[in-house]
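Written below as C-alpha coordinates is the structure these notes are about.
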Amino acid sequence: MLNKQFNLSFILVIIVMAQFCCTSLWFAGNAVMTDLVMNFDLSKNALGHLTSAVQFGFITGTLIFALLTIADRFSPSYVFLICALLGGLFNLGTVWEQNTLISLLSLRFMTGFCLAGIYPVGMKIAADYFQKGLGKSLGFLVGALVLGTAFPHLLKGLTMTLPWKAVLQITSSLAVMGGLLIAIFVPNGPYRKPSQKINLSASFKVFKNPDFRGAAFGYFGHMWELYAFWAFIPVILKTYISMHDGIQINIPVWSFIIIGIGGLSCVLGGYLSEHKGIKVVAISSLLMSGLCCVLSPFIFMLGLKWCFLIFLIFWGMVVIADSPLFSTLVAQNAPPEYKGTALTIVTCIGFAITIISIQLLNYLTEVWQATYLYLVLAAGPLFGLIMLGKTAKGSPK
(Lines give C-alpha, C1' and ligand atoms only; values in the text may rest on other atoms or scores of the structure.)
Protein backbone atom coordinates (compact mmCIF):
# COMPACT_ATOMS: atom_id res chain seq x y z
CA MET A 1 0.00 0.00 0.00
CA LEU A 2 2.76 2.42 0.96
CA ASN A 3 4.69 1.49 -2.16
CA LYS A 4 1.63 2.17 -4.33
CA GLN A 5 1.08 5.53 -2.62
CA PHE A 6 4.74 6.43 -3.15
CA ASN A 7 4.49 5.52 -6.84
CA LEU A 8 1.39 7.66 -7.30
CA SER A 9 3.05 10.58 -5.52
CA PHE A 10 6.12 10.20 -7.72
CA ILE A 11 3.94 10.09 -10.86
CA LEU A 12 2.11 13.26 -9.79
CA VAL A 13 5.39 15.07 -9.12
CA ILE A 14 6.68 14.14 -12.58
CA ILE A 15 3.45 15.25 -14.31
CA VAL A 16 3.50 18.54 -12.40
CA MET A 17 7.15 19.19 -13.28
CA ALA A 18 6.55 18.35 -16.94
CA GLN A 19 3.48 20.57 -17.10
CA PHE A 20 5.42 23.47 -15.62
CA CYS A 21 8.32 23.00 -18.06
CA CYS A 22 6.13 22.76 -21.15
CA THR A 23 3.58 25.46 -20.41
CA SER A 24 6.38 28.00 -20.01
CA LEU A 25 6.02 28.20 -23.81
CA TRP A 26 2.62 29.85 -23.46
CA PHE A 27 3.52 33.43 -22.51
CA ALA A 28 7.15 33.33 -23.60
CA GLY A 29 6.32 35.82 -26.36
CA ASN A 30 4.47 38.12 -23.95
CA ALA A 31 7.45 38.24 -21.58
CA VAL A 32 9.73 39.61 -24.32
CA MET A 33 7.03 41.62 -26.12
CA THR A 34 8.90 44.93 -25.77
CA ASP A 35 11.96 43.37 -27.41
CA LEU A 36 9.87 41.83 -30.19
CA VAL A 37 8.24 45.19 -30.91
CA MET A 38 11.63 46.93 -31.08
CA ASN A 39 13.48 44.28 -33.08
CA PHE A 40 10.77 43.48 -35.60
CA ASP A 41 9.09 46.91 -35.83
CA LEU A 42 5.71 45.69 -34.58
CA SER A 43 2.69 47.87 -33.77
CA LYS A 44 1.44 48.51 -30.24
CA ASN A 45 -1.40 46.07 -30.90
CA ALA A 46 1.09 43.21 -31.21
CA LEU A 47 0.37 42.04 -27.63
CA GLY A 48 -3.24 41.18 -28.43
CA HIS A 49 -2.44 39.69 -31.85
CA LEU A 50 0.45 37.48 -30.73
CA THR A 51 -1.40 36.31 -27.63
CA SER A 52 -4.45 35.49 -29.73
CA ALA A 53 -2.26 33.63 -32.24
CA VAL A 54 -1.19 31.23 -29.46
CA GLN A 55 -4.79 30.85 -28.34
CA PHE A 56 -6.01 30.27 -31.91
CA GLY A 57 -3.32 27.66 -32.46
CA PHE A 58 -4.30 25.96 -29.24
CA ILE A 59 -7.97 25.99 -30.25
CA THR A 60 -7.20 24.53 -33.67
CA GLY A 61 -5.04 21.83 -32.11
CA THR A 62 -7.56 20.88 -29.43
CA LEU A 63 -10.38 20.76 -32.00
CA ILE A 64 -8.41 18.39 -34.23
CA PHE A 65 -7.26 16.31 -31.25
CA ALA A 66 -10.85 16.07 -29.98
CA LEU A 67 -12.45 15.19 -33.33
CA LEU A 68 -9.82 12.51 -33.99
CA THR A 69 -9.93 11.36 -30.31
CA ILE A 70 -6.11 11.46 -30.31
CA ALA A 71 -5.66 11.37 -26.51
CA ASP A 72 -7.96 8.35 -26.20
CA ARG A 73 -6.68 6.33 -29.16
CA PHE A 74 -2.93 6.79 -28.68
CA SER A 75 -0.63 6.72 -25.66
CA PRO A 76 -1.10 10.15 -24.03
CA SER A 77 2.49 10.08 -22.76
CA TYR A 78 3.90 9.88 -26.28
CA VAL A 79 1.43 12.45 -27.59
CA PHE A 80 2.72 14.73 -24.81
CA LEU A 81 6.37 14.05 -25.77
CA ILE A 82 5.92 14.76 -29.49
CA CYS A 83 4.00 17.98 -28.85
CA ALA A 84 6.58 19.14 -26.28
CA LEU A 85 9.46 18.64 -28.74
CA LEU A 86 7.67 20.40 -31.59
CA GLY A 87 6.40 23.19 -29.33
CA GLY A 88 9.94 23.90 -28.14
CA LEU A 89 11.14 24.03 -31.76
CA PHE A 90 8.47 26.50 -32.88
CA ASN A 91 9.05 28.67 -29.81
CA LEU A 92 12.77 28.75 -30.58
CA GLY A 93 11.99 29.91 -34.11
CA THR A 94 10.97 33.29 -32.68
CA VAL A 95 14.64 34.23 -32.28
CA TRP A 96 15.23 34.12 -36.07
CA GLU A 97 16.43 37.58 -37.08
CA GLN A 98 14.49 37.66 -40.36
CA ASN A 99 11.09 37.25 -38.71
CA THR A 100 8.18 39.43 -39.76
CA LEU A 101 4.81 39.90 -38.08
CA ILE A 102 3.40 37.11 -40.28
CA SER A 103 6.15 34.65 -39.42
CA LEU A 104 5.92 35.53 -35.72
CA LEU A 105 2.17 35.00 -35.78
CA SER A 106 2.71 31.66 -37.54
CA LEU A 107 5.30 30.51 -35.02
CA ARG A 108 3.13 31.49 -32.07
CA PHE A 109 0.16 29.76 -33.73
CA MET A 110 2.13 26.51 -34.09
CA THR A 111 3.38 26.80 -30.51
CA GLY A 112 -0.23 27.05 -29.39
CA PHE A 113 -1.15 24.08 -31.60
CA CYS A 114 1.47 21.96 -29.85
CA LEU A 115 0.24 23.08 -26.43
CA ALA A 116 -3.01 21.28 -27.31
CA GLY A 117 -1.07 18.05 -26.82
CA ILE A 118 0.36 19.22 -23.50
CA TYR A 119 -2.21 20.90 -21.23
CA PRO A 120 -5.38 18.80 -21.80
CA VAL A 121 -3.32 15.65 -22.43
CA GLY A 122 -1.53 16.25 -19.12
CA MET A 123 -4.94 16.35 -17.42
CA LYS A 124 -5.90 13.14 -19.22
CA ILE A 125 -2.70 11.46 -17.96
CA ALA A 126 -3.53 12.54 -14.39
CA ALA A 127 -7.13 11.29 -14.74
CA ASP A 128 -5.77 7.90 -15.88
CA TYR A 129 -3.86 7.59 -12.59
CA PHE A 130 -6.15 9.26 -10.06
CA GLN A 131 -9.83 8.49 -9.57
CA LYS A 132 -10.02 9.37 -5.90
CA GLY A 133 -8.71 12.84 -5.16
CA LEU A 134 -8.76 13.91 -8.81
CA GLY A 135 -9.66 17.50 -7.87
CA LYS A 136 -6.58 17.75 -5.65
CA SER A 137 -4.37 16.18 -8.32
CA LEU A 138 -5.63 18.54 -11.02
CA GLY A 139 -5.13 21.40 -8.58
CA PHE A 140 -1.40 20.62 -8.58
CA LEU A 141 -1.45 20.17 -12.35
CA VAL A 142 -3.18 23.45 -13.17
CA GLY A 143 -1.00 25.12 -10.54
CA ALA A 144 2.00 23.98 -12.58
CA LEU A 145 0.36 25.41 -15.71
CA VAL A 146 -0.03 28.75 -13.93
CA LEU A 147 3.60 28.84 -12.79
CA GLY A 148 4.77 27.77 -16.23
CA THR A 149 2.69 30.52 -17.82
CA ALA A 150 4.11 33.11 -15.44
CA PHE A 151 7.73 31.89 -15.50
CA PRO A 152 8.87 33.80 -18.62
CA HIS A 153 7.87 37.04 -16.89
CA LEU A 154 10.09 36.12 -13.94
CA LEU A 155 12.99 35.26 -16.23
CA LYS A 156 12.72 38.65 -17.89
CA GLY A 157 12.14 40.57 -14.66
CA LEU A 158 14.97 39.10 -12.60
CA THR A 159 17.51 39.11 -15.39
CA MET A 160 17.05 42.44 -17.10
CA THR A 161 20.52 42.04 -18.63
CA LEU A 162 19.62 38.61 -20.04
CA PRO A 163 19.19 38.85 -23.83
CA TRP A 164 15.56 38.41 -24.84
CA LYS A 165 16.54 35.50 -27.06
CA ALA A 166 17.80 33.64 -23.99
CA VAL A 167 14.30 33.73 -22.48
CA LEU A 168 12.99 31.90 -25.54
CA GLN A 169 15.92 29.49 -25.59
CA ILE A 170 15.43 28.61 -21.92
CA THR A 171 11.68 28.04 -22.28
CA SER A 172 12.25 25.84 -25.35
CA SER A 173 14.81 23.77 -23.43
CA LEU A 174 12.38 23.37 -20.55
CA ALA A 175 9.70 22.10 -22.95
CA VAL A 176 12.04 19.39 -24.26
CA MET A 177 12.90 18.41 -20.70
CA GLY A 178 9.22 18.21 -19.75
CA GLY A 179 8.40 15.97 -22.69
CA LEU A 180 11.24 13.60 -21.85
CA LEU A 181 10.18 13.41 -18.19
CA ILE A 182 6.71 12.18 -19.18
CA ALA A 183 7.99 9.73 -21.81
CA ILE A 184 10.58 8.18 -19.48
CA PHE A 185 8.78 8.08 -16.13
CA VAL A 186 5.01 8.09 -16.82
CA PRO A 187 3.62 5.07 -18.71
CA ASN A 188 -0.09 4.69 -19.48
CA GLY A 189 -2.17 4.91 -16.30
CA PRO A 190 -4.12 2.00 -14.74
CA TYR A 191 -7.50 3.66 -15.34
CA ARG A 192 -6.91 4.36 -19.02
CA LYS A 193 -9.64 2.93 -21.25
CA PRO A 194 -8.40 3.39 -24.81
CA SER A 195 -10.83 3.99 -27.64
CA GLN A 196 -10.21 1.74 -30.62
CA LYS A 197 -11.57 3.90 -33.43
CA ILE A 198 -12.26 7.47 -34.48
CA ASN A 199 -15.63 8.72 -33.26
CA LEU A 200 -16.30 12.14 -34.75
CA SER A 201 -19.52 12.52 -32.78
CA ALA A 202 -17.96 11.85 -29.37
CA SER A 203 -17.08 15.52 -28.88
CA PHE A 204 -20.76 16.47 -29.17
CA LYS A 205 -22.42 13.51 -27.41
CA VAL A 206 -20.73 14.33 -24.11
CA PHE A 207 -22.81 17.54 -23.87
CA LYS A 208 -26.05 15.53 -23.57
CA ASN A 209 -25.29 15.01 -19.87
CA PRO A 210 -26.73 18.05 -17.98
CA ASP A 211 -24.11 17.82 -15.23
CA PHE A 212 -21.39 17.80 -17.89
CA ARG A 213 -22.98 20.85 -19.57
CA GLY A 214 -23.14 22.74 -16.29
CA ALA A 215 -19.44 22.12 -15.59
CA ALA A 216 -18.51 23.00 -19.18
CA PHE A 217 -20.50 26.24 -19.23
CA GLY A 218 -19.06 27.26 -15.88
CA TYR A 219 -15.60 26.70 -17.35
CA PHE A 220 -16.49 28.79 -20.42
CA GLY A 221 -17.51 31.75 -18.23
CA HIS A 222 -14.29 31.38 -16.26
CA MET A 223 -12.22 31.39 -19.47
CA TRP A 224 -13.81 34.62 -20.74
CA GLU A 225 -12.05 36.37 -17.88
CA LEU A 226 -8.88 34.36 -17.23
CA TYR A 227 -6.54 34.80 -20.20
CA ALA A 228 -7.66 38.34 -20.96
CA PHE A 229 -6.78 39.25 -17.37
CA TRP A 230 -3.42 37.45 -17.59
CA ALA A 231 -2.53 39.00 -20.95
CA PHE A 232 -3.34 42.52 -19.77
CA ILE A 233 -1.67 42.41 -16.35
CA PRO A 234 1.37 44.34 -17.71
CA VAL A 235 -1.07 46.87 -19.19
CA ILE A 236 -2.90 47.20 -15.87
CA LEU A 237 0.40 47.87 -14.10
CA LYS A 238 1.52 50.39 -16.73
CA THR A 239 -1.84 52.20 -16.50
CA TYR A 240 -1.54 52.48 -12.74
CA ILE A 241 2.03 53.80 -12.94
CA SER A 242 0.98 56.42 -15.51
CA MET A 243 -1.79 57.63 -13.20
CA HIS A 244 0.39 58.04 -10.10
CA ASP A 245 3.54 60.12 -10.29
CA GLY A 246 6.56 58.75 -8.48
CA ILE A 247 5.31 55.17 -8.18
CA GLN A 248 7.61 52.53 -9.62
CA ILE A 249 6.76 48.86 -10.15
CA ASN A 250 8.91 46.13 -11.68
CA ILE A 251 6.31 45.08 -14.24
CA PRO A 252 7.78 41.68 -15.29
CA VAL A 253 8.35 40.54 -11.69
CA TRP A 254 4.93 41.65 -10.52
CA SER A 255 3.31 40.10 -13.58
CA PHE A 256 4.92 36.82 -12.50
CA ILE A 257 3.74 37.23 -8.91
CA ILE A 258 0.15 38.09 -9.84
CA ILE A 259 -0.14 35.21 -12.31
CA GLY A 260 2.03 32.76 -10.38
CA ILE A 261 0.18 33.13 -7.06
CA GLY A 262 -2.71 31.43 -8.81
CA GLY A 263 -0.72 28.20 -8.73
CA LEU A 264 -0.98 28.22 -4.93
CA SER A 265 -4.72 28.92 -5.03
CA CYS A 266 -5.24 25.96 -7.42
CA VAL A 267 -3.62 23.64 -4.89
CA LEU A 268 -5.53 25.17 -1.96
CA GLY A 269 -8.78 24.96 -3.91
CA GLY A 270 -8.13 21.29 -4.63
CA TYR A 271 -7.65 20.52 -0.93
CA LEU A 272 -10.63 22.67 0.08
CA SER A 273 -12.88 20.91 -2.45
CA GLU A 274 -12.37 17.60 -0.63
CA HIS A 275 -14.12 19.09 2.41
CA LYS A 276 -16.57 21.62 0.97
CA GLY A 277 -17.38 19.98 -2.36
CA ILE A 278 -15.95 20.66 -5.80
CA LYS A 279 -18.90 22.62 -7.12
CA VAL A 280 -19.23 24.82 -4.03
CA VAL A 281 -15.57 25.89 -4.15
CA ALA A 282 -15.73 26.48 -7.92
CA ILE A 283 -18.81 28.71 -7.60
CA SER A 284 -17.24 30.67 -4.73
CA SER A 285 -14.09 31.32 -6.73
CA LEU A 286 -16.06 32.35 -9.82
CA LEU A 287 -18.16 34.75 -7.76
CA MET A 288 -15.12 36.41 -6.18
CA SER A 289 -13.30 36.86 -9.48
CA GLY A 290 -16.46 38.40 -10.96
CA LEU A 291 -16.55 40.87 -8.07
CA CYS A 292 -12.92 41.78 -8.79
CA CYS A 293 -13.93 42.67 -12.37
CA VAL A 294 -16.72 44.90 -11.06
CA LEU A 295 -14.38 46.63 -8.60
CA SER A 296 -11.57 47.04 -11.14
CA PRO A 297 -12.25 50.73 -12.03
CA PHE A 298 -11.78 51.70 -8.39
CA ILE A 299 -8.41 50.00 -7.87
CA PHE A 300 -6.69 52.49 -10.15
CA MET A 301 -7.69 55.27 -7.74
CA LEU A 302 -5.80 53.67 -4.86
CA GLY A 303 -2.88 55.95 -4.02
CA LEU A 304 -1.19 53.25 -1.94
CA LYS A 305 0.81 51.00 -4.23
CA TRP A 306 0.66 48.02 -1.87
CA CYS A 307 -3.14 48.14 -1.64
CA PHE A 308 -3.28 48.09 -5.43
CA LEU A 309 -0.85 45.17 -5.69
CA ILE A 310 -2.58 43.17 -2.92
CA PHE A 311 -5.88 43.52 -4.77
CA LEU A 312 -4.27 42.22 -7.98
CA ILE A 313 -2.69 39.33 -6.07
CA PHE A 314 -6.12 38.38 -4.69
CA TRP A 315 -7.62 38.66 -8.17
CA GLY A 316 -4.79 36.51 -9.51
CA MET A 317 -5.68 33.84 -6.95
CA VAL A 318 -9.45 33.66 -7.42
CA VAL A 319 -9.38 34.02 -11.22
CA ILE A 320 -7.74 30.59 -11.65
CA ALA A 321 -8.67 28.63 -8.49
CA ASP A 322 -11.82 27.20 -10.10
CA SER A 323 -10.08 25.96 -13.27
CA PRO A 324 -8.95 22.52 -11.99
CA LEU A 325 -12.31 22.08 -10.28
CA PHE A 326 -14.24 22.61 -13.50
CA SER A 327 -11.87 20.21 -15.26
CA THR A 328 -12.49 17.66 -12.51
CA LEU A 329 -16.27 17.99 -12.92
CA VAL A 330 -15.88 17.60 -16.69
CA ALA A 331 -13.76 14.44 -16.27
CA GLN A 332 -16.12 12.94 -13.68
CA ASN A 333 -19.20 13.48 -15.85
CA ALA A 334 -17.67 12.21 -19.13
CA PRO A 335 -17.80 8.59 -20.40
CA PRO A 336 -14.54 6.87 -19.32
CA GLU A 337 -13.56 5.88 -22.87
CA TYR A 338 -13.90 9.50 -24.05
CA LYS A 339 -12.53 11.31 -20.99
CA GLY A 340 -9.58 12.70 -22.92
CA THR A 341 -11.80 13.86 -25.78
CA ALA A 342 -14.24 15.52 -23.35
CA LEU A 343 -11.46 17.41 -21.59
CA THR A 344 -9.99 18.43 -24.95
CA ILE A 345 -13.20 19.71 -26.56
CA VAL A 346 -14.18 21.70 -23.47
CA THR A 347 -10.69 23.19 -23.33
CA CYS A 348 -10.94 23.95 -27.06
CA ILE A 349 -14.18 25.90 -26.71
CA GLY A 350 -12.93 27.64 -23.58
CA PHE A 351 -9.83 28.91 -25.33
CA ALA A 352 -11.86 30.00 -28.36
CA ILE A 353 -13.72 32.25 -25.96
CA THR A 354 -10.41 33.74 -24.74
CA ILE A 355 -9.65 35.05 -28.23
CA ILE A 356 -12.91 37.00 -28.25
CA SER A 357 -12.31 38.57 -24.84
CA ILE A 358 -8.64 39.36 -25.55
CA GLN A 359 -9.45 40.97 -28.91
CA LEU A 360 -12.37 42.86 -27.37
CA LEU A 361 -10.04 44.37 -24.75
CA ASN A 362 -7.52 45.05 -27.50
CA TYR A 363 -10.16 47.03 -29.42
CA LEU A 364 -11.55 48.81 -26.36
CA THR A 365 -8.09 50.14 -25.45
CA GLU A 366 -8.52 52.50 -28.43
CA VAL A 367 -12.01 53.76 -27.56
CA TRP A 368 -12.52 53.38 -23.79
CA GLN A 369 -10.89 54.90 -20.76
CA ALA A 370 -8.30 52.39 -19.57
CA THR A 371 -9.69 52.14 -16.04
CA TYR A 372 -13.07 50.81 -17.25
CA LEU A 373 -11.74 48.15 -19.63
CA TYR A 374 -11.94 45.21 -17.26
CA LEU A 375 -15.62 45.63 -16.42
CA VAL A 376 -16.43 43.65 -19.57
CA LEU A 377 -14.68 40.61 -18.08
CA ALA A 378 -17.43 40.34 -15.44
CA ALA A 379 -19.77 38.96 -18.12
CA GLY A 380 -17.91 35.63 -18.02
CA PRO A 381 -18.29 34.84 -14.31
CA LEU A 382 -21.91 36.05 -14.44
CA PHE A 383 -22.70 33.66 -17.29
CA GLY A 384 -20.91 30.79 -15.56
CA LEU A 385 -22.78 31.35 -12.30
CA ILE A 386 -26.14 31.45 -14.07
CA MET A 387 -25.46 28.21 -15.97
CA LEU A 388 -24.15 26.42 -12.89
CA GLY A 389 -27.25 27.50 -11.00
CA LYS A 390 -29.40 25.68 -13.52
CA THR A 391 -27.78 22.28 -12.87
CA ALA A 392 -28.84 19.93 -10.13
CA LYS A 393 -27.71 20.72 -6.59
CA GLY A 394 -24.80 18.82 -5.12
CA SER A 395 -21.46 17.87 -6.55
CA PRO A 396 -18.98 15.05 -6.41
CA LYS A 397 -16.62 15.17 -3.48
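Please find, within segment 352-386, the residue that is nearest to the chain's Cα centre (by Cα) out of those that are farther than 17 Å from Phe229 by Cα and modelled with pLDDT under 90.
Glu366
Taking the conditions exactly as written (touching an Asp or Glu at 6+ places or on another chain (Cβ under 8 Å) and surrounded by fewer than 24 Cβ atoms within 10 Å (Cβ to Cβ)), does Asn362 satisfy them or not?
Criteria not met by Asn362.
Among the candidates Gln19, Gln98, Gln55, which residue alone is of a type in the set (S, T, N, Q) and modelled with pLDDT under 85?
Matching residue, one of Gln19, Gln98, Gln55: Gln55.
Quick grid of which residues meet (1) over 17 Å from Trp164 (Cβ atoms); (2) of a type outside the set (Val, Ile, Thr); (3) surrounded by 23 or more Cβ atoms within 10 Å (Cβ to Cβ):
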| residue | (1), (2), (3) |
| --- | --- |
| Met33 | no, yes, no |
| Asp41 | no, yes, no |
| Gly57 | yes, yes, yes |
| Thr60 | yes, no, no |
| Leu67 | yes, yes, no |
| Pro76 | yes, yes, yes |
| Phe80 | yes, yes, yes |
| Asn99 | no, yes, no |
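Within segment 102-131, how many residues turn out to be surrounded by fewer than 23 Cβ atoms within 10 Å (Cβ to Cβ) and modelled with pLDDT of 90 or more?
Result for segment 102-131: 7.
Can you pull out every residue in segment 231-277 that is aromatic (Phe, Trp, Tyr) and more than 22 Å from Val13 (Cβ to Cβ)?
Phe232, Tyr240, Trp254, Phe256 - these are the residues of segment 231-277 that are aromatic (Phe, Trp, Tyr) and more than 22 Å from Val13 (Cβ to Cβ).
What is the one condition in (1) closer than 25 Å to Ile59 by Cβ; (2) among the polar types (S, T, N, Q); (3) surrounded by fewer than 21 Cβ atoms within 10 Å (Cβ to Cβ) that Thr149 does not satisfy?
The one condition Thr149 does not meet is (3).
The values are calculated or read from the model by the stated rules, or taken from the named source; none is laboratory data. Nothing here was measured: the structure is a model prediction, and the numbers come from that model. Please note: Cβ atoms are built from the backbone with ideal geometry, for glycine as well, and neighbour counts cover all protein chains shown.
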